[in-house]
Structure formats: structure tokens, C-alpha cells
Amino acid sequence: MCLAVAAFAIGMTCAAGATCQLSDIQLEGPVEGTRKLGTWWPDQGAPAFVMTNDLNLNPQHSVLSCADAECDVQNLDALDIAALGASAPAAFADPVTAQPSIVAAHPTGLVLYRCNDVSCTTRQIIALPNTQGVVLHSNVVRFGANDWAVAYIDAPTEQGHLRLLHCQNADCSASATRIIFNQFDHAMHQIRDVHLARANDGGIQVASLDVALTANPVIGVRMSYCQTAECVTPMHRMFALGPPTPDLDHLALALRPDGRPLVLIPRRDDPVLLDCGDRLCFSSHPLRPLPSDTNDWYAGLVLDSENRPIIGHIRGNEAGFLQCLDSQCDSSVSNRIPLSLSSPLAATLSQNTHGDLVLSHIDREEGVPHATRCVSTVLFATDFEADD
């Protein structure tokens, strides 16, 4: 196996000559009280983060941008008051200017921060239509520079509609809202998490973590597919996993090159990848096991250039990335570095088109934000031993 040689920044050169520099980034700004942490890494810039902080019972969104890939110089700007919903703010960056746009929960509903610079020191604040009372929202998928979509739960209770908002211009004044899943037309459900991905045919793939509130509750992954961004006629299928557990509260979604969904289901005692044979997981749906330890925490899922999954991985007080050595993840290797946090909790994983990765994480006791970065996803040779 590749062996780490240092504690804070680890450079690993492997059998195939590939090198990955892992480093732990201490994020400045609010030193505690961070409850939600989103991240993005623009193709033409450095990593950036958006935090939801509840220090002194005054919830606030803030943006922290790095001046370089190492994040040695950081800039922090407060955005606005925040609503402490269940979702981390979602951000996407302009591919040319690297200026971000951020969707976040506000006491009045979802808002869009359109940043005028990379650090978001100046910005427009736009209330998104028909999103009052939102407590749960997804990541953002983009179709063009000012053409994007976000999913959300439209009620302040645990039961509500799962809707898709499709914005068709810069200020979202031209938009369409559709119901992806109407919980009141089916058995009552609780949705714990939802993720979107843009399909290769221009549609939208949706994966939500649902709990059916029946006499014998069942948790599962609801696969939904919209043929267009307008999502006029969504299709659904529920993939049941068994009785709900409190620890299973998030998932992650990636799409194979042929459009088939791959879903991370990070159960603490039995983490798996749901590998779908079609868009709704009808034809085949093997559950591919991941290395499991009582101290494991997985979050975020991307695919490398050879269609192999990469997952953000925390074990104990070490953070890094689990790389599958084949597309089906029959074997894998995890490279991690020690953190100064006593009880880290993974938040979000971001990748740019150059293959650079950043995993954000929070100390679950104090709310101290950190990140682990890697400047290349060509991390591992194919002849590595599997992680146990």
C-alpha cells in the first residue's frame, strides 16, 4: 500500500508514479458554532466555503475564500442572517470568472446570493419565488450560465411537497416550480436529504432519502427522473432499505457516463453504494459494500476519469478520501491524515474539472470548521491492496 509519511501535509508517490498532496486546512472566521458547511472549487480558482453559524444564537451565513490552492491566505465575509435548516448552503461558480452564486435558507425562504467577486464581498440578495418556510434543500444543478435548478421541501414540517425550482435567468425572475413528489398523494413520508444531478440527456436525476411513516416505518432511496429541467412529468421508484435509523440522515448522488445513478448510502454499520442499472433502479440494483468501522463517516461522491467512485472518508479523527480501484468498487484504498479535531463530522465534497478535491468537515462538539484537500484525483495505482 501507499504509506503516509507526515502528519499535516502528506505527499504520496505510488507504484504508478501518481502523486497526491493531502493537507488539513484550518478555516478562519467563526472559530466555533459552525453547523452547516458547503464548499466549491471553481475551475479557475481556489477552494471556497460557505458556513452557517449559530454562535451567540445569531445565525448567519458567511463566505470564506482561499487566495490559493493551499488556502494559506483566507478572506471571510458575512453574508446575511440565516435560518438553521437541515441543509448546508449550496454554491456554484461561474466557469470563467469563478464568481459564486449561493443558495441558502433564510428566515423568509430560500435566497440567492449573486456574488460580484470571488470572495463575495459585494453581492445581490434575491428572494427565490415560492420557497417560504423551506427547511431542506438540495445542491444546485446548472444547465447554463444563468440556467439552474434546486429542489426543496416547501413546508416547515417534516411532511411536505418535494418541489423543483428551475431558474431561467440571472435573478430568477423567469422561473418555473414543479412538484417532484407530492407526499400527501402517497403514504406520508419524511424526507431527510435530497440530491440532484444533471443527466446526459438534459434531464434531472433526483435521489432523496425517504422515510415512509407507516405502522412499520421503512427508510429508502426514492429515485426520481425528470426528462427536462421543467420536470413536467417526473417518474419515481422507492428502493426500500429497511427500518429507519437516526444515523442515516444523508446520501450522495453521482451519474455514470451512460446516465445510470450511483448513490452513497452511508449507514454507520453497513455503508454501501447503490449501483443502479437504469435511471429508476428497476433492472438491477446491487448494493456494493464499503469498508466499515464503528468510527467511519462517509460523505460526498464523485467519479474519476475512469468511472471509479471517490468518497469523502473520515475514520476517527482522520480525514481523507476513499478511492475505489474499479468502477464497481470491489476493492478500495483510503488515504487519510490526522486532524486536530476530536470528533470530526464530514460535510460536503467538491471537485473541479482538473480533478482537485476538497472535503469540508466540522467538529461536531464545538462546530469548528476544517477542510482536507487533494490537488489531484489520480491518487492510487491499480495494484494497491484494498483498505480493510
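Miscellaneous remarks
For (1) within 14 Å of VAL63 (Cα to Cα); (2) part of a strand (DSSP E or B), each residue gets a yes or a no:
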| residue | (1), (2) |
| --- | --- |
| THR97 | no, no |
| LEU110 | no, yes |
| VAL118 | yes, no |
| ILE126 | no, yes |
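- Within the span defined as region 246-253, every residue fails to be surrounded by fewer than 20 Cβ atoms within 10 Å (Cβ to Cβ) and of a type in the set (A, V, I, L, M).
- In region 340-352, the residues that are closer than 17 Å to SER138 by Cα form Cβ pairs under 8 Å with partners that are of a type in the set (Lys, Arg) and crowded, with 22+ Cβ neighbours inside 10 Å, at six or more places apart or across chains, as follows: ALA347/LYS36.
- Positions within region 45-74 being surrounded by fewer than 17 Cβ atoms within 10 Å (Cβ to Cβ) and within 22 Å of GLN124 (Cα to Cα), in sequence order: ASN58
- Pairing residues of region 244-268 that are in a strand (DSSP E or B) with residues that are of a type in the set (Asp, Glu), at Cβ distances under 6 Å and at least 6 apart in sequence or on separate chains, gives LEU262/ASP275.
- Region 298-309, residues that are in a strand (DSSP E or B) and on the phi < 0 side of the Ramachandran plot: TYR298, ALA299, LEU301, VAL302, LEU303, PRO309
- Condition met for ALA15 (more than 25 Å from the chain's Cα centre (by Cα) and either under 30 Å from GLY109 (Cβ atoms) or modelled with pLDDT under 80 (or both)): yes
- Lone unmet requirement of (1) assigned to a loop (DSSP other than H, G, I, E, B); (2) within 26 Å of PHE49 (Cβ to Cβ) for GLY312: (1)
- Number of positions in region 114-142 that are of a type outside the set (S, T, N, Q), surrounded by fewer than 21 Cβ atoms within 10 Å (Cβ to Cβ) and modelled with pLDDT under 85: 2
- Residue match in region 99-107 (condition: in contact (Cβ under 8 Å) with a residue 12 or more places away in the chain and touching a Lys or Arg at 6+ places or on another chain (Cβ under 7 Å)): yes
Every residue, every condition in (1) under 17 Å from the mean Cα position of the chain (by Cα); (2) at pLDDT below 85; (3) not polar (S, T, N, Q), yes or no:
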{"residue": "HIS313", "(1), (2), (3)": "yes, no, yes"}
{"residue": "GLU318", "(1), (2), (3)": "no, no, yes"}
{"residue": "PHE321", "(1), (2), (3)": "yes, no, yes"}
{"residue": "GLN328", "(1), (2), (3)": "no, no, no"}
{"residue": "ASN335", "(1), (2), (3)": "no, no, no"}
{"residue": "SER340", "(1), (2), (3)": "no, yes, no"}
{"residue": "SER343", "(1), (2), (3)": "no, yes, no"}
{"residue": "THR348", "(1), (2), (3)": "yes, no, no"}
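- Options GLY242, GLY220: the member that is over 20 Å from the mean Cα position of the chain (by Cα) and within 22 Å of TRP297 (Cα to Cα): GLY242
Residues checked against (1) out of contact with any Phe, Trp or Tyr (no Cβ under 9 Å at 6 or more places or on another chain); (2) in a strand (DSSP E or B); (3) at pLDDT 90 or above; (4) over 21 Å from ARG288 (Cβ atoms):
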{"position": "GLY202", "(1), (2), (3), (4)": "no, no, no, yes"}
{"position": "LEU209", "(1), (2), (3), (4)": "yes, yes, yes, no"}
{"position": "GLY220", "(1), (2), (3), (4)": "no, yes, yes, no"}
{"position": "MET223", "(1), (2), (3), (4)": "no, yes, yes, no"}
{"position": "GLU230", "(1), (2), (3), (4)": "yes, no, no, yes"}
{"position": "ALA240", "(1), (2), (3), (4)": "yes, yes, yes, no"}
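- Every residue from region 225-243 that is of a type in the set (Gly, Ala, Ser) and free of Cβ contacts under 8 Å to residues at least 60 places away in the same chain: ALA240, GLY242
- Which numbered condition GLY220 misses (of (1) surrounded by fewer than 13 Cβ atoms within 10 Å (Cβ to Cβ); (2) over 15 Å from ASP278 (Cβ atoms)): (1)
- Filter pass, GLY367 being part of a strand (DSSP E or B) and at positive phi: no
Listed here are the residues, each with its yes/no results for (1) buried (at least 22 other Cβ atoms within 10 Å of the Cβ); (2) out of contact with any strand residue (DSSP E or B) (no Cβ under 6 Å at 6 or more places or on another chain).
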| residue | (1), (2) |
| --- | --- |
| ASN295 | no, no |
| ARG315 | no, no |
| ASP326 | no, yes |
| VAL333 | no, no |
| LEU345 | no, no |
| SER350 | yes, no |
| ARG364 | no, no |
| ARG373 | yes, no |
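- Test: ASP77 is in a loop (DSSP other than H, G, I, E, B) and either within 19 Å of the chain's Cα centre (by Cα) or not β-branched (Val, Ile, Thr) (or both): no
- Sole exception among (1) free of Cβ contacts under 8 Å to residues at least 12 places away in the same chain; (2) under 25 Å from ARG142 (Cα atoms) for ALA215, by number: (2)
The values are calculated or read from the model by the stated rules, or taken from the named source; none is laboratory data. Since the model is a prediction, treat every value here as computed from it, not as a measurement. With ideal geometry, Cβ positions are generated from the backbone for all residues, glycine too; neighbour counts draw on all protein chains shown.
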